[in-house]
1. Within the set of pairs 6 or more residues apart or between chains, which connect a residue that is part of a helix (DSSP H, G or I) inside segment 1-29 to a residue that is modelled with pLDDT under 95 and charged (D, E, K, R) with Cβ atoms less than 7 Å apart?
2. Look through segment 37-60, keep the residues that are β-branched (Val, Ile, Thr) and in a helix (DSSP H, G or I), and return whichever of them is nearest to residue 83 (Cα to Cα).
3. Identify, please: which residue in segment 26-60 is loosely packed, with under 10 Cβ neighbours inside 10 Å and among the charged types (D, E, K, R) and is, among those, modelled with the lowest pLDDT?
4. Provide a single number: the residues in segment 1-41 that are over 31 Å from the mean Cα position of the chain (by Cα) and aromatic (Phe, Trp, Tyr).
Amino acid sequence: MWRVALRMLAADRAKFAGLVFGLAFTSFLVTFAASFFCGFMTHGYGLVSEHPQVDVWVMDPAVEAVEQTTNLPPSALARVRGVPGVRDA
């Protein structure tokens, strides 16, 4: 049965080439989407996971997610650096 199916596909070269191209392109798209999703998820928590020794995170009140990069005003940054025990700010 498989032999007959392969002979029928191979007999029409255009159909066979289209089928192979379609399967290859589909597998590329699925792989690309999966890798894009994995990269997005990795970068979503990358900042926090790269610094596990940190006890407290100080962020601007306008920040809604970890990936947003809103700088603290210099006055707020100076107040954070003035707290005893702060190693880096």
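1. Note: pairs meeting the criteria are 9/15.
2. 48
3. Filtering first and then ranking leaves 50.
4. Of segment 1-41, the ones over 31 Å from the mean Cα position of the chain (by Cα) are 1-18.
This time we only want the ones that are aromatic (Phe, Trp, Tyr), so: 2, 16.
So the count comes out to 2.
The values are calculated or read from the model by the stated rules, or taken from the named source; none is laboratory data. Remember, it's a predicted structure, so these values are computed and weren't measured experimentally. Cβ atoms come from the backbone with ideal geometry, glycine included; neighbour counts cover every protein chain shown.
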